[in-house]
Amino acid sequence: MAQYMIDIQIPSNPDREFFELIPAQRTHIDRLMEQGIVMSYSLSLDRSRLWVTMNAASEREAVETLAAFPMFRYFEPTIYPMMFHMTSLMSQLKVSLN
């Protein structure tokens, strides 16, 4: 399984439909995070960029996953293959054998 960083440019003046898609987008992302497909999902303070880190078997699979996002038609993505992705949250998780 490979990892990808997706840098997404968001429109500067989105229409009403864009905002109506936000709840569906959040639900979709939550589901992908529970499945371990999306590892992180971040929005810039100025709301112009979205960054997604994702697990996928190939770049094509990453594109297919991205294309299923409810807001995809508004995105201008650039996909970068990654060697690895580390987060401080992962190091904080401790397994208890009790």
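Per residue, what volume in Å³ does the convex hull of the Cα atoms of the range 7-81 enclose?
85
Ignoring everything except DSSP H segments at least 4 long, calculate the 222 nm mean residue ellipticity for the chain; use -39,500 (n - 2.57) per segment, divide by total residues, nearest 500.
After summing the helix terms and dividing by the residues of the chain, the value is -9000 deg cm²/dmol.
Explain nothing, just the number: dipole magnitude of the chain about its Cα centre with +1 on each Lys and Arg Cβ and -1 on each Asp and Glu Cβ, in debye rounded to the nearest 20.
With only Lys, Arg, Asp and Glu charged at Cβ, the dipole is about 240 debye.
Taking the Cα-to-Cβ direction at D46 and at E20 and moving 7 Å from each Cα, how far apart do the two end points lie in nm?
The modelled label-to-label distance comes out at 2.9 nm.
Work out the charge dipole of the chain with +1 on the Cβ of Lys and Arg and -1 on the Cβ of Asp and Glu about the Cα centre, then indicate which of F84, I10, M71 is farthest towards its positive end.
Sorting the options by dipole projection puts first F84.
Please compute the length gained on full extension between H28 and S58, using 0.36 nm multiplied by the number of residues separating them and subtracting their Cα-Cα distance.
That works out to 8.8 nm of additional length.
Roughly to the nearest percent, how much of the accessible area of the chain is carbon and sulfur, given a 1.4 Å probe?
The nonpolar share, carbon plus sulfur, comes to 56 percent.
Going from most exposed to least, what order do F84, F72 have by accessible area with a 1.4 Å probe?
Largest to smallest exposure gives the sequence F84, F72.
Hey, can you find the accessible area per residue of the range 2-63 for me, probe 1.4 Å, expressed in square angstrom?
Per residue, the range 2-63 has an accessible area of 61 Å².
Could you calculate the contour length gain from Q35 to F84, that is, 0.36 nm times the residue separation minus the distance between their Cα atoms, to one decimal place in nm?
This chain segment gains 15.8 nm when fully extended.
The values are calculated or read from the model by the stated rules, or taken from the named source; none is laboratory data. Small disclaimer: the values here were computed from a predicted structure and weren't measured. Backbone-built Cβ (ideal geometry, glycine too); neighbour counts: all protein chains shown. Note: areas computed on protein heavy atoms with side chains; ligands, DNA, RNA excluded. Shrake-Rupley method; radii C 1.70, N 1.55, O 1.52, S 1.80 Å.
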